[in-house]
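Read-outs: derived from the displayed coordinates by stated rules, not from any lab. Only a predicted model underlies this, so the values are computations on that prediction, with no experimental measurement involved. Backbone-built Cβ (ideal geometry, glycine too); neighbour counts: all protein chains shown.
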């Protein structure tokens, strides 16, 4: 599994170079027509055995992760940053980060509890990163405005079933897509798209879909598993009343989110595959969040699109969790869909 290398690579939106290089090396020899477009998307073709008889299927996963960018340096050497993508500032105090190409180590500062009189308010504009510099001049020799900042996190296994790491949104989708590409040819032509800048507005996918001109699209994502105890729940119901999805319950098939309503023909098709082949799956019905499908389904003259997601706890943090059984089930569902998706599936009732 290439997930560890992808997770530990640094690549906020617009600066996906390290991730792109890992993927290019992994897919070489398994696809043809590899192209990096002006946005930085990796586009390629995995030619099908019945390509002239099947719809062209776009498979998309985004390379970028949430993080920060250095905005300025204070006179005392502390670093100010702005967020790139959605991050809850409450998780930041005390967290380790890496800055720029030289991976300069730093820590988000937070007054110690002994002197902190306002512990309930955390705002990114009030936080700084400490790199151990005592002056602006000393800090400028190591970092500069525009440098990317990512979580300093190590990938690891937790017990028998759980993997922990950063950027599972959406390096887990990239890992799944690499596994799919490295397999044997499928009946349909697979239009491969590793996209950029999803976290700041689904930008790369829009360009990729316009170039690839797919007949149908499947998006591989990492999504929020909110299956954790609710501190406000009663003792009889400690879990969240409406979790987005759960670890260990298989891939999450989106019904609706903030960016799209999944094509009902494709949703029915994916559910039928799971039922027929005994692949565990769950439905994602919460309307929050969005995926590259939001751009893809509106591209060109419209593209029927669906989203297959890996449930991940603590997403957009340095320590996301995923379940290895979910990974295997998601891969099986996606591969089977590529085998069985025909023009008949796209007929309107």
When 30, 297, 35, 348 are ranked with the fewest other C-beta atoms within 10 Å first, the list becomes 348, 35, 30, 297
Computed over the chain: longest principal axis from alpha-carbon atoms vs helix 168-181 long axis, angle to nearest 10 degrees, is 30
Taking r as the C-beta separation of residue 96 and residue 256 and R0 as 45 Å, the FRET efficiency to the nearest 0.05 is 0.75
Of all DSSP beta bridges having both residues in the chain, the percent classed as antiparallel (nearest 5) is 65
Scoring the chain by relative contact order with C-alpha pairs under 8 Å, at least six apart, yields a percentage of 23
Assertion target for 335, 276, ordered by fewest C-beta neighbours within 10 angstrom first, is 276, 335
In degrees, nearest 10, the alpha-carbon axis of helix 203-212 is tilted away from the dominant principal axis of the alpha carbons of the chain by 30
Helix-only [θ] at 222 nm, the chain, -39500 (n - 2.57) per DSSP H run of 4+, per residue, nearest 500, equals -7000 deg cm²/dmol
Taking a ≥ b ≥ c as the square roots of the eigenvalues of the Cα gyration tensor, with a/c under 1.5 meaning rounded and otherwise prolate when a/b exceeds b/c and oblate if not, the range 67-151 is oblate
With label points set 7 Å from each Cα along the Cα-to-Cβ direction at residue 124 and residue 137, the distance between them in nm comes to 3.2
In degrees, nearest 10, the alpha-carbon axis of helix 324-340 is tilted away from the dominant principal axis of the alpha carbons of the chain by 30
Residue 18 and residue 325 label points (each 7 Å along its Cα→Cβ direction) are spaced in nm at 3.4
A chain fully extended from residue 74 to residue 103 at 0.36 nm per residue, minus the present Cα-Cα distance, gains in nm 8.5 nm
Taking a crude spin-label model, label points 7 Å out from Cα along the C-beta direction, the residue 1 to residue 343 distance in nm is 3.9
Taking r as the C-beta separation of residue 47 and residue 157 and R0 as 25 Å, the FRET efficiency to the nearest 0.05 is 0.10
Most exposed first, judged by fewest Cβ atoms within 10 angstrom, 343, 110 run 343, 110
